[in-house]
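Read through the structure below, which is laid out as structure tokens, and then see the notes.
Any read-out appearing in this document is the output of simple, stated calculations on the displayed coordinates, not a laboratory observation. Values in this document were obtained by computation on a predicted structure and should not be read as measured data. Note that we place each Cβ from the backbone using ideal geometry, even for glycine, and neighbour counts take in every protein chain shown.
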Amino acid sequence: MTEYQRILLTTMSYFFILCFLIYVVLFYILPKPAEVLTTIPAQQEIKLTTFGTKKDWQYLRKKVLKIQGRHCLKCGKKQDRMHIDHIRPKSKYPHLEFKIDNLQVLCGDCNRKKSFDKEVDYRSTHHLMALLKEVKTNKLIKRKYTHNLKHLEKLTIAKFQKDLRKG
Ligand SMILES: [Zn+2]
């Protein structure tokens with residue numbers, strides 16, 4: 001074996017050892033990107049998609065019952081435990097779960113009968129007007145729990161004009 005061959009052989013051996021080490025580090029020691037994504041704890045995922053707490057809901061529930069009353073907006077029935085329905089379902093619109101302009105009082109039966117993908121607004125003009133008054137005078141409601149004040153104003157005017165046409 002010549003000197004030249006020995007140097008070449010040593011260099012090649014070092015090269016292969018280096019390659020092997022890089023391989024081990026990349027595929028065994030460092031976790032794969034897919035694994036990183038799937039090992040995020042479930043709790044963290046929930047936090048990313050939650051827009052409010054139980055306390056927020058209790059506050060909103062009380063406000064909605066005060067503004068709309070304790071009767072079902074659809075059938076007029078009154079129960080001990082009225083339901084607060086999401087006009088736009090929270091399954092489709094999670095960001096509207098804690099928005100007062102998306103809530104209405106229903107009885108248990110009417111709420112259960114309402115299809116999950118149907119968006120029916122049972123609020124009358126006076127409910128909307130009372131809600132507008134609350135939003136405009138309550139800074140917390142306006143800042144934190146209102147989705148779209150402009151839309152609420154437009155909706156109120158439209159319902160009012162419809163009432164006028166009906167006589
Ligand atoms: Zn009802």
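The angle between the Cα long axis of helix 149-166 and the main principal axis of the chain comes to about 30°, on a 0 to 90 degree scale.
For the chain, what is the charge dipole size about the Cα centre, in debye to the nearest 20, if Lys and Arg each add +1 at the Cβ and Asp and Glu each add -1 at the Cβ? Write out the running numbers ahead of the final one.
Working: 35 positive and 15 negative charges, 351 e Å.
Around 1680 debye, computed over the chain.
When the chain is described by a simple charge dipole with +1 on each Lys and Arg Cβ and -1 on each Asp and Glu Cβ, the residue from LEU103, PHE15, THR137 located farthest towards its positive end is THR137.
Residues whose amide H comes within less than 5 Å of that of TYR93, counting only those at least five positions distant or on another chain, are absent (H built at 1.01 Å from N in the peptide plane).
Can you give the net charge of the other residues whose Cβ lies under 10 Å from the Cβ of LYS142, counting K and R as +1 and D and E as -1? Spelling it out: positives minus negatives among the neighbours equals +3.
Kindly provide the chymotrypsin sites (Phe, Trp or Tyr not before Pro) of the stretch 49-153 that DSSP labels as loop, not H, G, I, E or B, and whose Cβ sees at most 14 other Cβ atoms within 10 Å.
Working: sites: PHE51, TRP57, TYR59, PHE98, PHE116, TYR122, TYR145; in loops: PHE51, PHE98, PHE116, TYR122, TYR145.
Filter output for the stretch 49-153: PHE51, PHE116.
Here the gap between THR137 and LYS92, fully extended at 0.36 nm per residue and compared with their Cα-Cα distance, gives a gain of 13.2 nm. Diagonalising the gyration tensor over the Cα atoms of the chain and scaling each eigenvalue by 5 before taking the square root yields semi-axes of 64, 17, 14 Å, largest first. Maximal additional length on extending the LEU164-LYS144 stretch stands at 3.9 nm, based on 0.36 nm per residue less the C-alpha distance. Looking at the stretch 111-158, the GluC sites (Glu not before Pro) that sit in a DSSP loop and have at most 16 other Cβ atoms within 10 Å of their own Cβ are GLU119. Computed from the C-beta positions of LYS78 and ASP117 and an R0 of 41 Å, the FRET efficiency is 0.90 to the nearest 0.05. Which angle from 0 to 90°, rounded to the nearest 10, does the C-alpha axis of helix 54-68 make with the longest principal axis of the chain? Once rounded, one gets 20 degrees. Only Cα pairs within less than 10 Å get springs; with that Gaussian network setup on the chain, which residue of GLN58, GLN68, GLN104 has the largest fluctuation? Per the Cα network of the chain with a 10 Å cutoff, GLN58 tops the list.
Between the helical axis of 3-24 and the longest alpha-carbon principal axis of the chain there is an angle of about 20 degrees. Extension gain for THR50-LEU30 works out to 4.0 nm (0.36 nm per residue, less the C-alpha to C-alpha distance). Separation of the stretch 64-136 and the stretch 145-163 by C-alpha centroid, Å? Using only Cα atoms, the two centres lie 15 Å from each other.
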